[in-house]
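Asker: I'd like to ask you about the structure that follows.
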Amino acid sequence: MRPDAGAWFEHRTTSATSLAEIDVPGLLAAKRRGGHRVSVVLPARNEAATVGGLVADLVARWVVDVPLVDEVVVMDSDSTDDTAAIARAAGAEVVATADVLPAQGSRPGKGEALWKSLAATTGDLVVFLDSDLLNDVSHYVPGLLTPLLTDRRVSYVKGCYTRPLSVDGQVRAAGGGRVTELTARPLINALWPELAGFVQPLGGEYAGRRSALEQVPFVSGYGVEVGLLVDLLQVCGLPGLAQVDLGTRVHSHQTDEALGVMAGQIVSTVLARAKRGSSDRHRAAPGGLLTQFAHDGEGFVPTSIPVAVDQRPPMIAVREYAERVA
């Protein structure tokens, strides 16, 4: 690891693997002292099996029992199951992604829900959590908020964790995050070595100051996390970024084919940013298709899937939003 990345890792990585490690009264005092408002956002598409439990726990712990969070918002991305009804019954405000900034239209993808959540929430501190988490995550929100509430220099915090991998009914203590290890980490280390200290650059649990988040574009698909990390490095500088060890993260796993599509979108996101920072104007644009192969018993059959990334502009550049916050 490069010296600057190593120094960052040592000084900007903290631990919050359980509630016992978190000074909750101190966080409440810091929140009141700073006049902060906290929004928690859960992007969801067909997450009826998990979203209700997550929302109910968040609301009970951090809205009702301890007033650390001011609003819990589920951004529903065209779910066809009972995600919206279950989340609403559990205590969340449910917002249909397509209903936010209607003049901007609607696009598919997690990043679209995250981008529009800036226009659907009111907190100056925003916490993002995936909706498919399966283990006890009661410490995630205060853990992610701690660097933001205790150090004004920090503008963006990524959660990191070990990720068990379930294969054929057998659970391995580690091994999840295959796209991270095989795609994202090698690219980040090669192109932005100062970011090499991030343990989970693609993790879906992170928090930031609205003043930083509204300055960067949001990739609409799977590339949103790596895009935010690289773009916020430019906005905040390395000292403005931090990470928190949250212990263990358990969630559902996808097929190899689905992971391939995810990896393709991440590569497109990274290459677009590498080209943006390159002085070589003649470099070719990233390819827009990923070709995968299946065997039908007689031979290999190719299938090509679009992986070119689409992205939304910095929210502060959107007139409807800028007028609201002015």
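The values are calculated or read from the model by the stated rules, or taken from the named source; none is laboratory data. Here the structure is a predicted model, which is why all the values come from computation and not from measurement. Positions of Cβ are backbone-derived with ideal geometry, glycine not excepted, and every protein chain shown enters the neighbour counts. Protein only, heavy atoms only, side chains kept; ligands, DNA and RNA dropped before computing areas. Shrake-Rupley method; radii C 1.70, N 1.55, O 1.52, S 1.80 Å.
Asker: Might you check whether a residue that is outside any helix (DSSP H, G or I), touching a strand residue (DSSP E or B) at 6+ places or on another chain (Cβ under 7 Å) and modelled with pLDDT under 70 occurs anywhere in region 309-325? Walk me through it before giving the result.
Answerer: First pass over region 309-325, keeping only residues outside any helix (DSSP H, G or I): 309-314, 318.
Going one step further and asking which of them are touching a strand residue (DSSP E or B) at 6+ places or on another chain (Cβ under 7 Å), we end up with 309, 311-312.
Subset that is modelled with pLDDT under 70: none.
No, that holds for no residue.
Asker: Taking into account only those residues within region 92-120 that are charged (D, E, K, R), closer than 26 Å to V261 by Cβ and in a helix (DSSP H, G or I), which is farthest from the chain's Cα centre (by Cα)? Please lay out each step first, then the result.
Answerer: Keep residues of region 92-120 that are charged (D, E, K, R), which gives 93, 99, 107, 110, 112, 116.
Keeping just the survivors that are closer than 26 Å to V261 by Cβ gives 107, 110, 112, 116.
Then drop every residue that is not in a helix (DSSP H, G or I), which leaves 110, 112, 116.
On the way: K110: 9, E112: 12, K116: 14 Å.
Result: K116.
Asker: Touching a His at 6+ places or on another chain (Cβ under 8 Å), open to solvent by less than 30 Å² (accessible area, probe 1.4 Å) and at pLDDT 95 or above - does that describe any residue in region 77-84? Before you say what the answer is, go through the steps one by one.
Answerer: In the first step, residues of region 77-84 are kept if they are touching a His at 6+ places or on another chain (Cβ under 8 Å); the result is none.
No, the conditions are met nowhere in region 77-84.
Asker: Provide a single number: the residues in region 237-261 that are in a helix (DSSP H, G or I) and within 17 Å of T14 (Cβ to Cβ).
Answerer: Within region 237-261, residues that are in a helix (DSSP H, G or I) and within 17 Å of T14 (Cβ to Cβ) number 3.
Asker: Restricting attention to region 60-91, which residues are in a loop (DSSP other than H, G, I, E, B), touching a residue at least 40 places away in the same chain (Cβ under 8 Å) and within 19 Å of the chain's Cα centre (by Cα)?
Answerer: We begin by selecting, within region 60-91, every residue in a loop (DSSP other than H, G, I, E, B); these are 66-70, 77-82, 90-91.
Subset that is touching a residue at least 40 places away in the same chain (Cβ under 8 Å): 66, 68-70.
Matches in region 60-91: V69 only.
Asker: Of everything in region 194-218 that's without any contact (Cβ under 8 Å) to a residue 60 or more places away in the chain and of a type outside the set (A, V, I, L, M, F, W, C), which residue is farthest from Y321 (Cα to Cα)?
Answerer: So the residue we want is Q200.
Asker: From the list E21, E47, which one is within 26 Å of V224 (Cα to Cα) and of a type in the set (D, E, K, R)?
Answerer: Working: E21 fails: within 26 Å of V224 (Cα to Cα).
From the options E21, E47, the qualifying one is E47.
Each row is one residue, and each column tells you yes or no for (1) surrounded by fewer than 21 Cβ atoms within 10 Å (Cβ to Cβ); (2) within 25 Å of I188 (Cα to Cα); (3) out of contact with any helix residue (DSSP H, G or I) (no Cβ under 9 Å at 6 or more places or on another chain).
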{"residue": "P3", "(1), (2), (3)": "yes, yes, yes"}
{"residue": "S15", "(1), (2), (3)": "yes, yes, no"}
{"residue": "L19", "(1), (2), (3)": "yes, no, no"}
{"residue": "G26", "(1), (2), (3)": "yes, no, no"}
{"residue": "N46", "(1), (2), (3)": "yes, no, no"}
{"residue": "V55", "(1), (2), (3)": "no, no, no"}
{"residue": "R61", "(1), (2), (3)": "yes, no, no"}
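Asker: Being open to solvent by 60 Å² or more (accessible area, probe 1.4 Å) and either among the charged types (D, E, K, R) or touching a helix residue (DSSP H, G or I) at 6+ places or on another chain (Cβ under 6 Å) (or both) is the filter here; which residues of region 87-105 pass it?
Answerer: Once the filter is applied, which keeps residues that are open to solvent by 60 Å² or more (accessible area, probe 1.4 Å) and either among the charged types (D, E, K, R) or touching a helix residue (DSSP H, G or I) at 6+ places or on another chain (Cβ under 6 Å) (or both), region 87-105 yields R88, E93, D99.
Asker: What about G26, is it closer than 26 Å to S211 by Cβ and part of a helix (DSSP H, G or I)?
Answerer: On the way: closer than 26 Å to S211 by Cβ: yes; part of a helix (DSSP H, G or I): yes.
For G26, the condition - closer than 26 Å to S211 by Cβ and part of a helix (DSSP H, G or I) - is met.
Asker: Going through region 131-148 one residue at a time, which ones are within 18 Å of W62 (Cα to Cα) and open to solvent by 20 Å² or more (accessible area, probe 1.4 Å)? It would help to see each step written out before you state the result.
Answerer: So in region 131-148, the residues within 18 Å of W62 (Cα to Cα) come out as 131, 133, 135-148.
Result: N135, D136, T146.
Asker: Out of region 180-200, which residues are of a type in the set (S, T, N, Q) and either surrounded by fewer than 23 Cβ atoms within 10 Å (Cβ to Cβ) or modelled with pLDDT of 95 or more (or both)?
Answerer: Those that are of a type in the set (S, T, N, Q) and either surrounded by fewer than 23 Cβ atoms within 10 Å (Cβ to Cβ) or modelled with pLDDT of 95 or more (or both): T180, T183, N189.
Asker: Same structure, new question: Do you know which residues across region 201-228 are in a helix (DSSP H, G or I) and surrounded by fewer than 23 Cβ atoms within 10 Å (Cβ to Cβ)? Steps first, please.
Answerer: Taking region 201-228 as the starting set, the residues that turn out to be in a helix (DSSP H, G or I) are 210-213, 224-228.
Once the filter is applied, which keeps residues that are in a helix (DSSP H, G or I) and surrounded by fewer than 23 Cβ atoms within 10 Å (Cβ to Cβ), region 201-228 yields R210, S211, A212.
Asker: Can you confirm whether region 4-19 contains a residue that is without any contact (Cβ under 8 Å) to a residue 24 or more places away in the chain, farther than 14 Å from Y140 by Cα and over 23 Å from the mean Cα position of the chain (by Cα)? Write out each step before concluding.
Answerer: First pass over region 4-19, keeping only residues without any contact (Cβ under 8 Å) to a residue 24 or more places away in the chain: 7, 10-11.
Filter again for farther than 14 Å from Y140 by Cα, leaving 7, 10-11.
Subsequent filtering for residues that are over 23 Å from the mean Cα position of the chain (by Cα) retains 7.
Taking every residue of region 4-19 in turn, at least one turns out to be without any contact (Cβ under 8 Å) to a residue 24 or more places away in the chain, farther than 14 Å from Y140 by Cα and over 23 Å from the mean Cα position of the chain (by Cα).
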